[in-house]
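Every read-out reported here was derived from the displayed coordinates using simple, explicitly stated rules and does not represent laboratory data. This structure is a prediction, so every number in the text was calculated from the model and none was measured. All Cβ positions, glycine included, derive from the backbone under ideal geometry; neighbour counts span all protein chains shown.
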Amino acid sequence: MGDGNKLSRRGFIAGGAVAGAAALVPTPLERLLNVLSSGFIQQAQAEASGNAGARNYINILMAGGPMRYAFDAWMRTNVNDTMLDFNPMVATKFVNSGGRVVGVENATFNYNGVLVPHMFSHSVFNSAGAQRPLTDLLNHMLVIRGFGTGFDGHPFNATAQQAPVGGVSSVLGLAADYSSKTFEAVEWPERGDFGTYTSSKGKALNKVTGNPLYSLLEGFGGPQGGRVKGRSLKDRNRDAYDLAQARLRAYAQSDFNGSTVLAKNLSNASELMKKGTGNLDGYWNPAVARYRAVIENSMRQSGLMGISDVPMISDGGAYWGVHVADGNRRLLVSSDFDLRESVKNMTAPGSLAEGLALAEYVLKENLVTSLNLQMGDPANVILKDAANGAQAVHTAIKDMHETGAIPGLLITTAYYRALAAGLLELIDQLKKVQTNSTNLWSETVVQVISEFNRSARANGTGSDHGFNQMVTSVFSGAIQKGPFVVGNIQKSGHGGGYTGTQGIGAAIDDYNQKGRPTPTMAASTVAALLRVPKNPYENLAAPLVELNNGQLRVLKTAKIVG
């Protein structure tokens, strides 16, 4: 544009850019179209300048602090590591004798040079009903272990991982900071005291209630039937569409940075805005059913070697207790009940299926950059109570104080199989979407957190809050040829009844955070994977990996100390 044109780049992005725009009081769809057209302009500028922005970020919270040893609380990960001081609560596989379960062990196998828990030697179901190996997930996995806060408390330790440093963006906000999408950050269900969000660039967190997708897109021209508002505004919406198109055409014809890229993709922008959210009805219910099927089929699968291949009959000992929600109590499994029956009707934990379906839609439609999701308690668990002989359906809560080594391993294996199967289905869907020279899964990072891992009791009767033995796992298509593990742990427990190797954090040699690392270490490492231009945590705790051209390099080798 010539020097006489008073319209600045900021004016294009912030305003209507077409005469008469200011005269309209914006409807929800008008706001959507305005943001979409802004997003296309900003995306074109980023592509022209070679700045792809941050990766998408999904945070999955398992509130309650479940035992994570079967899944991502990895102990001995290298053949050169010192041998474990075994604690039965960190078990990953059952020991059988005479055709029945008699004990537990911490069993691993070598995958791509890393010793990983026994669970990953199995397969789960995909959406076609076929089996797929869990090693597919390991290929994209990074385990960050060996950090802690030094303080107890569920909400405190949950929020400390989401926002470890005051005065800067939380991890969810950090990804949102570099977003130009319709909704930079979304949370469903609301986390309450277990959540915290900050954005240094003022990006909003949209807390969604009820049906998450319909609630999120309410007013944005959704499906027929009255569930999504705005259909009575057809004339206004048509005008808004024409306005947005005119705006895009004007920018495409300008000499602003990115105009050539935008001109080439104008037809794609037009198609997305025309489509709006009219495909929700055809998507939502089938997608939730699809995720629920892979999750529940995988949870309930029987005959898993070393897990559910022989009868599990209680000997009446303390290993056989289960912490259940009704009465917040310890239930001792009856000796005339096969514990394998307990998982045969387990249901998708909480909002996991809905959350993953939500993530699939909003990422594929390019609507959201950052998402907070949750995974509930293992529900519909059938147990027979040794105290009264009653067989009933229970919820096994994740704050597993009184859950012993044997039911703990069975229930958590089913629980994490659910998560793994759901993640693999999401990965399959995101891989189908091409973004420039890669796919959407390579532009996405998924992090799984809980308040803490568990302080494991050496007598196998249960566990308590492990706020100094935290662990988180991260998955991304940007990670190839995994798994990887970072963070040091101690060989010993912390005394009392908590002896044995159980993942207590240990100092890292020549690291810029002295002593036991804090959650800042994990957040800094995740920020490196998110590809943000500025990591706000690195001066306090440097990332433990670097990622270049799809190659992840571990900067500090994980060790067992002592």
Q: Multiply the residue gap between LEU540 and ASP81 by 0.36 nm, knock off their C-alpha separation, and tell me the result in nm, one decimal place.
A: 162.4 nm
Q: First measure r as the distance between the Cβ atoms of LYS201 and THR435, then evaluate 1/(1 + (r/R0)^6) with R0 = 30 Å and state the FRET efficiency to the nearest 0.05.
A: 0.85
Q) Which order results if TYR498, TYR416 are arranged by neighbouring Cβ count within 10 Å, fewest first? A) TYR498, TYR416
**Q.** the stretch 111-151 - Rg (one decimal) and Dmax (whole number), Cα, Å
**A.** 14.2, 46
Q. ALA390 to ALA128: FRET efficiency via 1/(1 + (r/R0)^6), r the Cβ-Cβ distance, R0 51 Å, to the nearest 0.05?
A. 0.80
Q: Report the charge-dipole magnitude of the stretch 403-528 in Debye, nearest 20, computed about the Cα centre from +1 at each Lys and Arg Cβ and -1 at each Asp and Glu Cβ.
A: 180 debye
Q. Using the per-residue mean of other Cβ atoms lying within 10 Å as a proxy for protection, in what order, highest first, do the peptides 467-474, 345-352 fall?
A. 467-474, 345-352
Q: For each of LYS556, LYS534, count neighbouring Cβ atoms within 10 Å of the residue's Cβ, then give the residues from fewest to most.
A: LYS534, LYS556
Q: List, in the order given, every pair from LYS534/LYS559; LYS364/LYS534; LYS398/LYS559; LYS431/LYS481; LYS481/LYS556 whose Cα-Cα distance in the structure shown is over 20 Å.
A: LYS534/LYS559; LYS364/LYS534; LYS398/LYS559
Q: For the stretch 360-497, build the charge dipole from Cβ charges (+1 Lys, Arg; -1 Asp, Glu) around the Cα centre, then report which of ILE411, GLN434, VAL485 sits farthest towards its positive end.
A: VAL485
**Q.** Extended-chain gain in nm, criterion 0.36 nm per residue less alpha-carbon gap, TYR511 and LYS481
**A.** 8.2 nm
Q) FRET efficiency for VAL102 and ASN285, Cβ-Cβ distance as r, R0 = 56 Å, nearest 0.05? A) 0.80
Q. What number comes out for the charge environment of GLU425, summing +1 per Lys or Arg and -1 per Asp or Glu over other residues with Cβ under 14 Å away?
A. +2
(Q) Looking at the calculated P(r) for the stretch 394-433, what percent of the C-alpha pair distances fall above 16 Å? (A) 48 percent
Q: List ASP336, ASP85, ASP399, ASP152 from most exposed to least, where exposure is judged by having the fewest other Cβ atoms within 10 Å.
A: ASP336, ASP152, ASP85, ASP399
Q: Add +1 for every Lys or Arg and -1 for every Asp or Glu among the other residues with Cβ under 13 Å from the Cβ of GLY148, and state the total.
A: +1
Q. Any idea how far apart ASN459 and VAL561 come out in nm if each label point goes 7 Å out from Cα toward Cβ?
A. 3.1 nm
Q: Would you mind checking the radius of gyration and Dmax of the stretch 404-562 based on alpha-carbon positions, in Å?
A: 17.6, 56
